[in-house]
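Working notes for the structure below.
What follows is calculated from the coordinates using simple rules that are stated; it is not laboratory data. Note that the structure is a prediction, hence the values are computed from the model and not measured. FYI the Cβ positions are ideal-geometry reconstructions off the backbone, even for glycines, and counts take in every protein chain you see.
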Amino acid sequence: MKHRKTHRSLISLADLSPEELKEVIELAIELKEARETSDKLAGKSVALLFEKPSTRTRVSFEVAVYELGGHPLYLGFNELQLGRGEPLCDTARVLSRYVHCIVARVNSHDSLIQLDRYSTVPVINALSDLEHPCQAIADLMTIRELKGKWDGVKVAWVGDGNNVCNSLVLGCAMLGTDVVVATPPNYEPNKDIIKLAKSFTGKVEVVHDPHEAVRNADVVYTDVWVSMGQEDERERRMKVFKDFQLNEQLLEKAREDCVVMHCLPAHRGEEITDSVIEGEKSVVFEQAENRLHTQKALLIMLMGEIL
Ligand code: CP
Ligand code: NVA
């Protein structure tokens, strides 16, 4: 079994062009309507390499590969020789000879870059400390479904300028959606990502006042204050973020018809109140569902060249 040397990976959301991002979402919308199994990945295997826990990403990828007729292999880092110190560069070259795509969730973004450098099959970022592109694709699909467009929509991000925020900002900017991010000082999104996002069509702003960000927003988005791997910073982060909770008072500043988004898992009572996440504006489970459809579309697109 031979693999092509050239491959398309998704390490950053910006590895897709805005047109490709739209195409993936359009395909995902079609796949969602049909929700049927196919043989598009028949005979192909996809490694799901996870260094951190996951519910949505792991299960949606496993089911997506299954529904496309392929074979998913869940591989925890510690179940592989990786956990005993085998280098990533060797793991990437070995896996490339068995499977047709590597989906990887890693602590450090550099690990993904290394995996991709040595892999001869597509590598998909299933979350790193820098980006979560698969989440952003599903979120942009959800915005399209609920608001009917991307242009002229205002997204407000409240909280930590983290991995989910970085990819969302990029994706919004790529599709012409305006995004205002409110974080405490020193917790802004990645500077290079903001610079790159500003080169696209959507307007990108970073502020420190959540009320300012949320004013007239169509979408209000938040994520945890303590991401995986930051557990040691918990005490400090609880203090730093205390005025950035997405609660009823803050939501009043947004448009009446706004939707509330969260990538999940959520910490009720911290970044979001129970009443807001359970409230009628919350679309968190629509987002979670769309992970499945967008995962499928992405696999079809990136693996298309080797099928
Ligand atoms: N939103 C998300 O990526 O969830 P998991 O950590 O459960 O995969
Ligand atoms: N920012 C969170 C997202 C989890 C899906 C984390 O990295 O833990």
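For this structure, a couple of remarks:
- Breaking point among (1) without any contact (Cβ under 8 Å) to a residue 24 or more places away in the chain; (2) under 30 Å from Glu36 (Cβ atoms); (3) within 15 Å of ligand 2 (Cβ to nearest atom), for Arg291: (1)
- Screening Asn186, Asn166 for residues that are on the phi > 0 side of the Ramachandran plot, touching a helix residue (DSSP H, G or I) at 6+ places or on another chain (Cβ under 9 Å) and either buried (at least 24 other Cβ atoms within 10 Å of the Cβ) or in a loop (DSSP other than H, G, I, E, B) (or both) leaves exactly one candidate, Asn186.
- Residue in the stretch 45-58 that is charged (D, E, K, R), away from ligand 2 (no atom under 16 Å from the Cβ) and assigned to a helix (DSSP H, G or I) present: no
- Of all residues making up the stretch 251-288, the number that are within 14 Å of ligand 1 (Cβ to nearest atom), farther than 17 Å from Trp225 by Cβ and assigned to a loop (DSSP other than H, G, I, E, B): 1
- Residue list for the stretch 52-75, restricted to those being of a type in the set (D, E, K, R), within 13 Å of ligand 1 (Cβ to nearest atom) and under 18 Å from Glu36 (Cα atoms): Glu62
- The stretch 76-122: number of residues that are of a type outside the set (Gly, Ala, Ser) and under 30 Å from Ala34 (Cα atoms): 8
- The residue of the stretch 36-74 that is nearest to Ser128 (Cα to Cα), among those that are crowded, with 19+ Cβ neighbours inside 10 Å and of a type in the set (A, V, I, L, M), is Leu49.
- Any hit, the stretch 124-144, residues being in contact (Cβ under 8 Å) with a residue 24 or more places away in the chain and assigned to a strand (DSSP E or B): yes
- Some residue of the stretch 227-241 being free of Cβ contacts under 8 Å to residues at least 12 places away in the same chain, within 16 Å of ligand 2 (Cβ to nearest atom), within 24 Å of Val106 (Cα to Cα) and in a loop (DSSP other than H, G, I, E, B): yes
- Output for the stretch 261-281, where each listed residue is within 17 Å of Leu168 (Cβ to Cβ) and more than 11 Å from ligand 2 (Cβ to nearest atom): Met261, Ile272
- Verdict on Gly304 being within 30 Å of Arg35 (Cα to Cα) and assigned to a loop (DSSP other than H, G, I, E, B): no
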